[in-house]
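Participant: Before I ask anything, let me first share the structure, which is written out below as C-alpha cells.
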Amino acid sequence: MSALIEIRNLSKVYERGRQRIEVLHHIDLEVAQGDFVALMGPSGSGKTTLLNLIGGLDSPTDGKIAVAGKRIDRLGQGQLARWRAGHVGFVFQFYNLLPMLSAQRNVELPLLLTKLPGARRRQNAAVALQLVGLADRATHKPGELSGGQQQRVAIARAIVSDPTLLVCDEPTGDLDRQSATDVLTLLQQLNRDHGKTIVMVTHDPKAAEYASHILHLDKGTLVESAEAAA
Amino acid sequence: MKYLHLIWASLARHKARTFFTLLSVVAAFLLFGLLDSVNGAFSQAGHSVRDAHRLITTSKMGLTFTLPLSLYSQIRAVPGVEAVTHMSWFGGYYRDPKNFFSNFAVASNYFDLYPEFKLPPAELRAYEDTRMGAVVGAALARRFHWTVGDEIPLKASIFPQKSGSGTWTFDLVGIYRDSTHKGQENQMFFHWKYFDEAAAFGNGRVGWYVEQIAHPSQSARIARAIDALSANSGHETLTQTSSAFAADMVSQFADIGLIVRSIMGAVFFTLILLTGNTMTQAVRERIPELGILKTLGFSNRGVLSLVLAESVMVLLLGGVAGMALAAAAVSLIQAKYGASVPMLPVGVSEWLRSVGLMALIGLAVGALPARRGMRLRVVDALAGR
Ligand SMILES: Nc1ncnc2c1ncn2[C@@H]1O[C@H](COP(=O)(O)OP(=O)(O)OP(=O)(O)O)[C@@H](O)[C@H]1O
Ligand SMILES: [Mg+2]
C-alpha cells in the first residue's frame, strides 16, 4: 500500500510573547492508504497538535506534510479550508454538532460547500445517517440524543462528503463503555468496508486495540511504533 | 439562500433575546417612518409653511358674504401685518356651466403674497399693465388649450356688467405654475379694479382679505386685532390661519428637518449600541460553532458573511415590520384627520430609503462581531481559547 500521509521533519512551535514552545520536534511519519492508526501519549505530548496538522486545521512551523501527494504545509488559510472540505472528515471528543440544527441538517453542513442541489444534499445526508444507524433520528436535535448517538451523527457528518481521511481526536473520550464500543466498531467498519484511512488520538488502550497500528508520542517526539495486537 | 436555515437557527437560539432585539428595531423604524412622513410633508410642502405666514379674513357670516374695501387700509395698519391683499369669487364659466373652474378678481398685489405661483417677470409686467388682463394656471391653460394672447370670454353666473352684458372678456397675458401643488394650477386671476368698474352691482366690496404676517406665532393675536376692527359693525369678520395646524407646528418647530434628524440620530445611535451589543454577545457564545463551520471548510469570508447576514436579517425583519406599522399608522391618521395633519404617505422612495438604512445599520452592527468570527483561528476555537 502507498502512503496516504507523508510527514517529513515536521516541527511545530508556539510563540507566546517571548516564550517559545516547541510542541513537535522533527517528526517523520507515513500512514498508508487504508490504515487505521491510533495515536497515544501523555497529556500535553502534542497529539492534538499533530492531528490538527494532518487534518489541515493548522500549519507547521517547519517540515513537510503531504496527503495523497498534495503538499498541505504550504497552503494558505483559504486553500486549506477548501482542501479540508474535500478531503478530511473530523470527529472530536465533544461531538461538535451545531445544537440548533437537526441531525440531518448537521450531517448536511459539509455539503453546503459543494454544488450539489438541495434534494441531493438531503439524500446523501440521509444515507450517511443510515450508515451510522441513526436514520430514525434524522429530525432530532443534538440535545435530544445520547452522547453515543451524537458522536455517530458527527461521524456521519465526517463521511458525508466521502473524504479519504478521517481524523478523530479522542472520539470515545466522553462516552460510556457501550457507546464507545459502538463508535469504535463503526470506525473499524468504515476503515474495513469503506476504505477510509483513519488517524485517531486516544488515551484508552482498549480503544487503541481497534486500530491496526499504534503510535506513541512523548514530549513532541514519536517514540516507538508497535503493531496492535491482532 | 441554502444558508438561510443556518441564519434562522442562530436567531432561534435565544428566542427571547431575538424577540426583544427585533422589538427595538421595530420601534426604531416605526418612529423613523412616522417622523420621515412628517418631515417629508414639511420639506415638500413649502406651501404649508407659507400658509402659516398667511391669515384669511372672511365675513363672519360665511364665505359668500362680502366685505367693504374700506377695511383694507385698516387691516394694513394692524401691527404684525406685513401686507394685505384681497380676492373676490367671480364665478364665471367658459362656454358651458359644466366647465367649472375657480376664477377670482384680485387686488393688484395678489401675486406678491403668493410667491409660490411662478409667473415669468415679463408676463407679470404685462398683467400689471393690462386693465382686462388675466393670468391662469398651467393646468387650466392646458385644459382649455389657452395660450398667452388669447381673448377669453367668461359667462358671468353672478355678476353681469353695467352694460347688461353677461359676458366678460379677458386678455390672457400670463400662465403661472406651482411646482409643489399642481392642484393650485387650476385657477384664474384678474384685476379687481376692472371688475369693480364694470360690474352692475357689488361695487366697492371684496370677497375676503389675505394678510401676510411675519411670525406665525403671532397669528392668534393678529387675527384678534383684525377681527376687533369690525366688531359690532354690520360686517363682522373671522380671521384664521389658512392652515392652523401647520402654523402651530412650524412656529413651534422652526426646523422640522433638524429636529427629525436629531431624534432619529439618537434613536439609531441607541439602536446600534443595543443590537451591536446583542450581536457581539451572540457571536461570542457561538465562537465554538463558528469554529466547527471553519473546521468543515467554511472560509473566513463565508463566516463573515453569515454573521453579517444574521444582523442584516434582524434589521430587515424588524425594520420592515416597523415601516409597515408606520405606513398603516399614517394612512389611519390621514383617513381620520385628513390633510390637516401634515404627513406624507409612506411611498416607494421612503421604503427604499428605510431598507437602505436597515442594511446599513445591519452591516454596521454586524461588522465587529463578523470580523471577530472571520479572524477566529480554528484550532483556538476548537480548544476553547
Ligand atoms: N495555540 C497554542 N499556543 C500555545 N501553546 C499551545 C497551543 N496549542 C497547544 N499548545 C501546547 O502544546 C502542547 C501540546 O498540546 P496538545 O493539545 O497537542 O496536547 P495533547 O497531546 O493533545 O494533550 P491532551 O491529551 O491533553 O489532549 C501543550 O503543552 C499545549 O499547552
Ligand atoms: Mg488533545
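The values are calculated or read from the model by the stated rules, or taken from the named source; none is laboratory data. Just so it is clear, the model here is predicted, and its values are computed rather than measured. Cβ coordinates were reconstructed from backbone atoms using ideal geometry, including for glycine residues, and neighbour counts include every protein chain displayed. The protein model used for the area step is the full one, side chains on, heavy atoms only, and it has no ligands, DNA or RNA in it. Shrake-Rupley method; radii C 1.70, N 1.55, O 1.52, S 1.80 Å.
Participant: From Cα pairs below 8 angstrom and at least 6 apart in sequence, can you work out the relative contact order of region A:3-227, rounded to a whole percent?
Facilitator: Relative contact order comes out at 28 percent.
Participant: Taking chymotrypsin sites (Phe, Trp or Tyr not before Pro) that fall in a DSSP loop and have at most 15 other Cβ atoms within 10 Å as cut points, what is the longest piece of chain B between them?
Facilitator: My reading of the result: B:254-385 is the longest stretch.
Participant: Please identify the trypsin sites (Lys or Arg not before Pro) of region B:349-380 that satisfy two criteria: DSSP loop assignment and at most 15 other Cβ atoms within 10 Å. Which are they?
Facilitator: Within region B:349-380, the qualifying trypsin sites (Lys or Arg not before Pro) (loop, at most 15 other Cβ atoms within 10 Å) are B:R377.
Participant: Can I ask one more? Under 5 Å between amide hydrogens, which residues at least 5 positions from B:H86 or on another chain qualify, with H placed 1.01 Å from N in the peptide plane?
Facilitator: Those qualifying (amide H under 5 Å, at least 5 residues apart or on another chain) are B:A107, B:V210.
Participant: List for region B:261-303: residues with 20 Å² or greater reduction in accessible area, all protein chains versus chain alone, probe 1.4 Å?
Facilitator: Residues passing the criterion (a loss of at least 20 Å², heavy atoms only) are B:E289, B:I292, B:L293, B:T295, B:L296, B:G297, B:F298, B:N300.
Participant: Taking θ = phi - 60°, what integer Hz values does the Karplus form 6.51 cos²θ - 1.76 cosθ + 1.60 yield along region A:76-81, in sequence order, with x for Gly and Pro?
Facilitator: Listing the rounded values in order: x, 4, x, 5, 4, 4 Hz.
Participant: Just grab the label-to-label distance for B:H235 and A:R74, each label 7 Å out from Cα along the Cβ direction, in nm (one decimal).
Facilitator: 10.3
Participant: Moving on to the next point. For labels at B:L4 and B:S179 in the simple 7 Å Cα→Cβ model, what's the distance in nm?
Facilitator: 4.4
Participant: Right, here's the next one. Report the calculated FRET efficiency for A:T221 and B:R371 (r = Cβ-Cβ distance, R0 = 56 Å), to the nearest 0.05.
Facilitator: 0.90
Participant: Another question, if that's okay. Kindly report, to the nearest 10 Å², the accessible surface of B:D112 as traced by a 1.4 Å probe over protein heavy atoms only.
Facilitator: Looks like 100 Å² after rounding.
Participant: Total accessible area buried between chains A and B, 1.4 Å probe, in Å² to the nearest 100?
Facilitator: 2100
Participant: While we're looking at this one, here's another question. Could you do me a favour and compute the accessible area per residue for the protein assembly as shown, 1.4 Å probe, result in Å²?
Facilitator: So the protein assembly as shown comes to 46 Å² accessible per residue, rounded to a whole number.
Participant: Can you give me the % of accessible surface on region A:3-227 that is carbon or sulfur? Probe 1.4 Å, all protein chains present, nothing else counted. Present the calculation step by step, with values, prior to reporting the outcome.
Facilitator: Numbers: 4490 of 9780 Å².
The nonpolar share, carbon plus sulfur, comes to 46 percent.
Participant: Follow-up question, since we're still on this one. Roughly speaking, what is the stretch gain from A:V13 to A:D136, that is 0.36 nm per residue apart minus the C-alpha to C-alpha distance, in nm to one decimal?
Facilitator: Result for the pair: 39.7 nm of gain on full extension.
Participant: Work out which residues of region B:1-31 lose at minimum 20 square angstrom of accessible surface when the other protein chains are put back, relative to the chain isolated, with a 1.4 angstrom probe, and list them by number.
Facilitator: Those residues are B:K2, B:Y3, B:H5, B:L6, B:A9, B:R13.
Participant: Still on this structure: What does the charge count around A:G78 come to, taking other residues whose C-beta lies under 12 Å from its C-beta (Lys +1, Arg +1, Asp -1, Glu -1)?
Facilitator: Details: positive: A:R82, A:R84, B:K294, B:R301; negative: none.
After counting each charged neighbour, the total is +4.
Participant: Placing unit charges on C-beta atoms (Lys and Arg positive, Asp and Glu negative, everything else neutral), compute the dipole magnitude of chain A about its Cα centre in debye, rounded to 20.
Facilitator: Once rounded to the nearest 20, the dipole reads 1000 debye.
Participant: To continue, here is another question. Determine, from the Cβ-Cβ distance of B:I272 and B:R224 and an R0 of 51 Å, the FRET efficiency 1/(1 + (r/R0)^6), rounded to the nearest 0.05.
Facilitator: 0.55
Participant: To the nearest 20 debye, what is the magnitude of the charge dipole of region B:1-121 about its Cα centre, counting +1 on the Cβ of each Lys and Arg and -1 on the Cβ of each Asp and Glu?
Facilitator: About 640 debye.
Participant: Something else now. Which is farthest toward the positive dipole end of the protein assembly as shown among A:T139, B:A359, B:G257, measuring Cα position about the Cα centre, with Cβ charges +1 (Lys, Arg) and -1 (Asp, Glu)?
Facilitator: A:T139
Participant: Any idea which of B:A138, B:I158, B:Y176 is furthest toward the positive side of the dipole for region B:66-234, if Lys and Arg beta-carbons carry +1 and Asp and Glu beta-carbons -1?
Facilitator: B:I158
Participant: May I ask you to find the residues of region A:57-87 that are shielded by at least 10 Å² of accessible area once the whole protein assembly is considered instead of their isolated chain (probe 1.4 Å)?
Facilitator: Residues meeting the cut-off: A:L57, A:D58, A:Q77, A:A81, A:R84, A:A85.
Participant: Over all pairs of distinct alpha carbons, what does the Kirkwood formula give as the hydrodynamic radius of the protein assembly as shown, in Å?
Facilitator: Computed over the protein assembly as shown, the radius equals 31.4 Å.
Participant: If you don't mind, another one. Summarise the long-distance tail of P(r) for region A:41-188 by giving the % of C-alpha pairs beyond 28 Å. Provide the component values of the computation, followed by the final result.
Facilitator: On the way: 2331 of 10878 pairs.
That tail contains 21 percent of the Cα-Cα pairs.
Participant: Let me have the relative contact order for chain B, percent, based on Cα pairs under 8 Å that are six or more residues apart.
Facilitator: Relative contact order of chain B: 27 percent.
Participant: Hey, another quick one. With a point put 7 Å past each Cα toward its Cβ, work out how far A:Q189 is from A:T114 in nm, to one decimal.
Facilitator: About 2.1 nm, to one decimal.
Participant: Using a probe of 1.4 angstrom, how much of the accessible area of chain B is carbon and sulfur, in percent?
Facilitator: Carbon with sulfur: 62 percent of the solvent-accessible area.
Participant: Between the alpha-carbon centers of region A:132-176 and region B:88-110, tell me the distance in whole angstrom.
Facilitator: The distance from the Cα centre of region A:132-176 to that of region B:88-110 comes to 87 Å.
Participant: On to the next question. Largest first, what is the accessible-area ranking of A:K141, B:K294 with a 1.4 Å probe?
Facilitator: Of A:K141, B:K294, the descending order of accessible area is A:K141, B:K294.
Participant: Oh, and also: What is the dipole size for the protein assembly as shown, taken about its Cα centre, with +1 at each Lys and Arg Cβ and -1 at each Asp and Glu Cβ, in debye to the nearest 20? Present the calculation step by step, with values, prior to reporting the outcome.
Facilitator: Values: 61 positive and 50 negative charges, 86 e Å.
Once rounded to the nearest 20, the dipole reads 420 debye.
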